[in-house]
Amino acid sequence: MGSKIKILTIVGARPQIIKSSAISRAIRNHFSDKIDEVIVHTGQHYDANMSEVFFQEMEIPKPGYNLGVGSGTHGKQTAKMLEGIEDLLLKENPTCIVLYGDTNSTLAGAIAAVKIHCPVVHIEAGLRSYNKKMPEEINRIMCDHVSTLLFSPTESGYNNLIKEGFSEANKMPFHADKPGIFHCGDVMYDNSLYFAQRAEEIESVGGVDLQNPFILATIHRDHNTDYP
């Protein structure tokens, strides 16, 4: 049997921690003899309620590294991550780096890896708002265009990649100049199914009785929250 695959998983913001739990769970339950996962938390979200609680409740292995970057301007935050991730890539020498979504952590991981020829795997590739005033749009485009493997959870995302010049005809071995694109499942849907039963068992949150028919939501992004 050949040597194990080592993946360096980068998480930084709350949604990425949640998304990564689906892959970490699959590795733990089905591929522990084939894959070693090293989790790196950039510290982009660092409050306990935005970070630590998700590792506990979603049974994600504790990060092997925490860069402790914290908040800051886009440039300062991304630069600190870039330096820290590059150091870890050189130290750990993984088979590939796995990135989620569209945060500054995603961007930093993509740039750090491609510059030293470490294959980039992008989960949630191809998603577009077609609004480059959103920093997330810049991050996801930049990441896609240096990735080796691109996994899109939607048909529209897959088609976006084709419109941007990615080829369905590419065959293995894949690399940054000849990437592989795939229309696949959605890790958030996987998590919704997996954690639905546990959610049913929770009776209250913050003193609110959940036995009544409640829908819980968190609202994100300035244009969703700044205009009551």
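Any read-out appearing in this document is the output of simple, stated calculations on the displayed coordinates, not a laboratory observation. Treat the numbers as computed from the prediction; the structure is a model and nothing was measured. Quick reminder, even Gly has a Cβ in these numbers, built from the backbone with ideal geometry, and neighbours come from all protein chains shown.
Ignoring lysines fewer than eight residues from Lys178 along the same chain, the ones with Cα atoms less than 27 angstrom from its Cα are Lys4, Lys6, Lys19, Lys34, Lys91, Lys115, Lys132, Lys163. Considering only Ala13, Ala26, Ala196, the mean-square fluctuation computed in a Gaussian network model of the chain, springs between alpha carbons under 10 angstrom, is largest for Ala196.
Applying 1/(1 + (r/R0)^6) with R0 = 30 Å to the Cβ-Cβ distance of Ile116 and Ser32 gives a FRET efficiency near 0.65.
Below 8 Å, C-alpha to C-alpha, sequence gap of six or more: please give me the relative contact order for segment 145-227 in percent. Don't jump to the answer; show the numbers that get you there.
Values: 67 pairs, mean separation 22.9, N = 83.
In percent, rounded to a whole number, it is 28.
How high is the relative contact order of the chain? Use alpha-carbon pairs under 8 Å, at least six apart in sequence, and give a whole percent. Answer for the chain is 16 percent.
For the chain, the longest principal axis of the alpha carbon atoms and the long axis of helix 104-115 meet at an angle near 20°.
Taking a ≥ b ≥ c as the square roots of the eigenvalues of the Cα gyration tensor of segment 83-154, is the shape rounded (a/c under 1.5), prolate (a/b larger than b/c) or oblate? It comes out prolate by the Cα gyration axes. Listed from fewest to most Cβ neighbours within 10 Å, the set Tyr100, Tyr227, Tyr194 follows the order Tyr227, Tyr194, Tyr100.
Per residue, what volume in Å³ does the convex hull of the Cα atoms of segment 75-228 enclose?
Values: hull volume 27.2 nm³, N = 154.
Each residue corresponds to 176 Å³ of Cα convex hull volume.
Once C-alpha pairs closer than 8 Å and six or more residues apart are averaged by separation and normalised to the residue number of segment 50-140, the relative contact order reads 24 percent.
Within a 10 angstrom radius of the beta carbon, how do Leu149, Leu99, Leu90 rank from fewest other beta carbons to most?
Numbers: Leu149 18, Leu99 31, Leu90 11.
Listed from fewest to most nearby Cβ atoms, that is Leu90, Leu149, Leu99.
Among Ala112, His30, Asn66, which residue has its Cα furthest toward the positive end of the charge dipole of segment 5-187, with +1 on Lys/Arg Cβ and -1 on Asp/Glu Cβ? The Cα lying farthest towards the positive end belongs to Ala112. For a straight C-alpha distance cut-off of 14 angstrom, the aspartates and glutamates reachable from Lys133 (same-chain residues fewer than eight places away being disregarded) are Asp102, Asp222.
Size of segment 1-159: Rg and Dmax of its alpha carbons, in Å, are 14.8, 49.
Given R₀ = 25 Å, what would the calculated FRET efficiency be for His223 paired with Asp186, taking r from the Cβ atoms and rounding to 0.05?
Working: r = 24 Å, r/R0 = 0.96.
Step by step, r from the Cβ atoms, then E = 0.55.
If only the Cβ of Lys and Arg carry +1 and only the Cβ of Asp and Glu carry -1, the dipole of the chain around its Cα centre is close to 720 debye. Shown here: segment 119-209, whose C-alpha atoms stretch 53, 33, 23 Å along the first, second and third principal axes, sorted largest to smallest. The residues neighbouring Leu90, those whose beta-carbon lies less than 14 Å from its own, together hold a net charge of -1 under the Lys/Arg +1, Asp/Glu -1 convention. Ranked for footprinting exposure by Cβ neighbours inside 10 Å, fewest first, Ile181, Ile35, Ile7 give Ile35, Ile7, Ile181.
Going by average Cβ density within 10 Å per residue, which order do the peptides 136-146, 164-174 take, highest to lowest?
On the way: 136-146: 19.8, 164-174: 11.1.
For the peptides 136-146, 164-174, the packing ranking is 136-146, 164-174.
Each label was represented as a point 7 Å from its Cα along the Cα-to-Cβ direction; for Val53 and Ser167 these points are 4.9 nm apart.
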